[in-house]
Amino acid sequence: MCYRLADEKLRDELKKPLGILLKGDEVAKFILSSSGGRPVITVGDMTTDTVVGLGVKPRVEVVDMKERRNPRDEPRSSAERVVRVANEPGTISASAFEAIRAAISSKWRTRIVVEGEEDLLALPAIALAPDGSLVFYGQPNEGLVCVEVNAASRENAIRLLSMFKLDVC
């Protein structure tokens, strides 16, 4: 089972940042000033590379070894263990959802390597992370988005997930 993008309206809504859009020099300044002592989750190869490169150790790193759908070198990592999952483009697979849930509750910093595409996996990360966590993901051609997990951001992620179509993948 998986969640599949249902329609163009949902695609359009997902193109809008779910949190604060950071650009250029703002990225490093914001990450270094706000991440101390908080659980950090990164979704995306460039995002993970950037955050880890600044000395932050994400609780969860979600990568697919691609950048804009082109193969790339493995991003830097601070993970203590690696989990591999399959996730087709335009979907959120049950195994990816469960891997994020398990990684968030694990005592180990975890890298989730996605076979397929990780673009939509910020949604379950926001829905499942504890309050106060920071979820970072890339906004194509714009910058980096930071979502502080709280009741409102979690509710928004769950609302968006409810708009997906449950499917067999």
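Please treat every number below as a calculation from the coordinates, not as lab data. These numbers come from a predicted model, not from an experiment. Note: ideal-geometry Cβ built from the backbone for every residue, glycine included; neighbour counts use all protein chains shown.
With kT/(6 pi eta Rh) evaluated at 10 °C and eta = 1.306 mPa s, and Rh the Kirkwood radius from Cα pairs, the chain diffuses with a coefficient of 101 µm²/s according to Stokes-Einstein. Counting every other Cβ atom within 10 Å of each residue's Cβ, Tyr3, Tyr137 order from fewest to most as Tyr3, Tyr137.
Quick one: Phe136, Phe30, Phe164, Phe97, fewest Cβ neighbours within 10 Å first, how do they rank?
Exposure proxy ranking, most exposed first: Phe30, Phe164, Phe97, Phe136.
If you place +1 on the Cβ of every Lys and Arg and -1 on the Cβ of every Asp and Glu, how big does the dipole about the Cα centre of region 34-123 come out, in debye to the nearest 20?
Values: 14 positive and 14 negative charges, 95 e Å.
The calculated dipole for region 34-123 is roughly 460 debye.
Among Val85, Val168, a tally of other beta-carbon atoms within 10 Å of each Cβ gives an order, fewest to most, of Val168, Val85. Under the convention that each Lys and Arg Cβ holds +1 and each Asp and Glu Cβ holds -1, the size of the dipole of the chain around its Cα centre is about 380 debye.
Remark: relative contact order (the chain) = 32 percent; criterion is Cα-Cα distance under 8 angstrom and separation of 6 or more residues. For Glu118, the shell of other residues with beta-carbons less than 14 Å away shows a net charge of -4, using +1 for Lys and Arg and -1 for Asp and Glu.
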